[in-house]
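Visitor: Take a look at this one; I'll ask things after.
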Amino acid sequence: MKLKRMLVTVSTVAVISTVFGTQIIHAADAKQDKTLNVTVQANPTTIDPAKASDAYSQSIVDQVMEGLYTFDKNGKVAPGAATKIVKPTANGTKYIFTLRKDAKWSNGDPVTAQDFVVSLQHEVAPKTASQNAASYLSFIKNFGAVNKGTKPVSELGVKALGNYKLQVTLSSRVPYFNSLLATGFYPADKKVLNKYGKDYAKDSTKMVYNGPYTLQGWKGTNDTWTYVKDNKFHAAKGVRIKKVVATVSKEDSTSYNMFQSGKIQETAISGEYVANNKGNKELHTVPGASLNYLNFNTNKKPMTNVHLRRAFNYLLDRQSLANSVLNDGSLPANNMVPKGIVKNSQGKDFYSLNGGLAKYDLKRAKAEWKTFEKESHTSKLTLKLLTADDSTSHKLGEFVQSSAQKNLKGLSISINPQPVSQRIASAFAGKYDLVATGWETSYDDPQGFLTVAQKDGTANFPKWNDTQFNQLMEEAAKQTGNTRWQTIAKANKRLNNQVPDTPLYNQVVAHFLSKNIGGIKYTSTSPQALYRYAYWK
């Protein structure tokens, strides 16, 4: 009888344990049904990965698309649509990827090698006018000829070797190619791309997704949209939060108040809210692999005059800008390749090769201004400064305006704040004298920053074309190791001498993240939250 009772008791405990275990599991799952609410600092301009040149558009792409590679929860490059990290052959110029057979589009179609061929051809085609192509894809064989329209897209160095084998051939070895594969190589469903044509990705209904979430409710200009977990995603089991609602919040004060009241659980933040919350465990900061700078419209007088551009290079007290104006942990940048961001395999900082090239020197700024006045036969000048319309850009615009008008007699600055999408359009249309802009790179190489000044660079708005600079960058692309770095250092010095751009600050990315949310880690290479790893505690 005892034995029988014991068996009954054990069985009963087992049943009870199973029942309550199931309840615990169901409770945990139910908790993840709770909506995660987040903010975005400005309206995205597009959801087409081929055209997502601003950080806000890329933030959407990061949630709903997956490239050949991706970033894991620690910000490290990891396999995405490809099954593994590939070792190239042919002296580092040929990559053959095996794709996952369980990868699906949100409409149920399989993700195939041809989808990557179609996507890359779409991005490089002249009619697409992609602002990203030159930065991410210029190393692919025949890129230049295809992008200019002198060769058909079929000549681009990408080929499907079957449904799940993709070959990418480069024109030269690229040391940081793995990072590019995690941020710039997305597929496109040919059927959907052809169906919508010019209207492809104009809103969330005119596109399909191969990432952890689908996008719903984005109409192109609205301030709120939703990410909904896609159960067709190959790693859907690891995506715990099923719904994320994103809202545009351009003012730090609004974002801060929303976070404090519990209306949102994650938001980017800057300025005084960073300085005043040091020690707050819900504040997370990381040095961004980014540079904020002024770009001069070198196609338009008077910015064609190098002495005027050099005057700005010496005029700005970047230390004061970072510490007193922004006051958010940002670091002063006096080189177009910021200090402490790009290091070689021995840990040597690229910055050490040239140091600070854009130095604060009012005496030299005034001398360059005088030379400009003499050459241009003018003593009074008004320049239009184009900025975004967020709070940080507002502070930056006033800083540049005050510095110029206080120290360069006869110079006035008119600030023109615009929404991000409009500011980008204005910049590409050349409707500015100088524009406050920024560039973020996801790979640890000086090329990632200097590409903004290359003749076909994404953010080279006036298409500044300096033969000496471009030749040095082209030489470097064929070199390796220290020789390559020395050549890029020469290009960096040439850039500072001609000043199509002048650096301002290296932004420290700051976020408030609720103590109730786990799984999100911010890194320099992946400073934005990836919600696929998030969970409610």
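Visitor: Using Cα-Cα distances under 8 Å and only pairs 6 or more residues apart, what relative contact order does the chain have, in percent? All intermediate terms of the calculation are to be shown ahead of the outcome.
Guide: Numbers: 1082 pairs, mean separation 101.9, N = 537.
Computed value for the chain: 19 percent relative contact order.
Visitor: Also, quick follow-up: What are the semi-axes of the equivalent ellipsoid for region 102-178, taken as the square roots of 5 times the Cα gyration tensor eigenvalues, largest first, in whole Å? Intermediate results must be reported in sequence, preceding the final value.
Guide: Working: eigenvalues 97, 44, 29 Å².
Each semi-axis is the square root of five times an eigenvalue, giving 22, 15, 12 Å.
Visitor: Regarding region 321-367, what is the average projected area of its C-alpha convex hull, in nm²?
Guide: Working: hull surface 17.3 nm².
Averaging across all directions leaves 4.3 nm² for the Cα convex hull.
Visitor: Would you pull out the residues with amide H under 5 Å of residue 140's amide H, same chain only if 5 or more places away, H placed 1.01 Å from N?
Guide: Excluding prolines and chain starts, which carry no amide H, the hits are 171.
Visitor: Where the Cα atoms of the chain are projected onto their three principal axes, how long is each span, largest first, in whole Å?
Guide: 109, 54, 47
Visitor: Where the convex hull is taken over the Cα atoms of region 280-424, what is its projected area averaged over directions, in nm²?
Guide: Working: hull surface 43.9 nm².
Average of the hull's projected areas for region 280-424 equals 11.0 nm².
Visitor: Right, another one. For region 399-537, divide the Cα radius of gyration by the Kirkwood radius and give the resulting Rg/Rh value with two decimals.
Guide: Numbers: Rg = 19.2 Å, Rh = 18.3 Å.
For region 399-537, the value is 1.05.
Visitor: Choose one of 152, 261, 426: the residue whose Cα lies farthest towards the positive end of the charge dipole of the chain (beta-carbon charges +1 Lys, Arg; -1 Asp, Glu; about the Cα centre).
Guide: 152
Visitor: For a label point 7 Å from the Cα of residue 493 along Cα→C-beta, name the residues of region 341-371 whose backbone N is under 15 Å from it.
Guide: It comes to 351-358, nothing else.
Visitor: How big is region 56-141 along each principal axis, measuring the range of its Cα positions in Å and listing the largest first?
Guide: 35, 33, 28
Visitor: Now for a separate question. How large is ³J(HN,Hα), in whole Hz, for each residue of region 505-522 in order, when computed from phi with the Karplus curve 6.51 cos²θ - 1.76 cosθ + 1.60 and θ = phi - 60°, using x for Gly and Pro?
Guide: 7, 9, 6, 8, 7, 10, 9, 8, 10, 4, 5, 8, 10, x, x, 9, 10, 9
Visitor: Quick check of the Kirkwood formula: for region 205-278, what is the inverse mean of 1/r over all pairs of different Cα atoms, in Å?
Guide: Working: mean 1/r = 0.0694 Å⁻¹.
Evaluated on region 205-278, it is 14.4 Å.
Visitor: How about residue 363: which lysines have a C-alpha closer than 22 Å to its C-alpha, ignoring those fewer than 8 places off in the same chain?
Guide: 374, 380, 406, 409, 493
Visitor: Among 275-284, 461-470, what's the highest-first ranking by average C-beta atoms within 10 angstrom per residue?
Guide: Working: 275-284: 12.4, 461-470: 17.6.
Listed from highest to lowest mean packing, they are 461-470, 275-284.
Visitor: In whole Hz and in residue order, list the ³J(HN,Hα) couplings for region 359-371 that follow from phi through the Karplus curve 6.51 cos²θ - 1.76 cosθ + 1.60, θ = phi - 60°; x for Gly and Pro.
Guide: 9, 6, 8, 4, 4, 6, 4, 5, 5, 5, 4, 5, 5
Quick note: the coordinates plus some simple rules give every number you see, no bench work behind them. All values reported here derive from a predicted model rather than from experimental measurement. With ideal geometry, Cβ positions are generated from the backbone for all residues, glycine too; neighbour counts draw on all protein chains shown.
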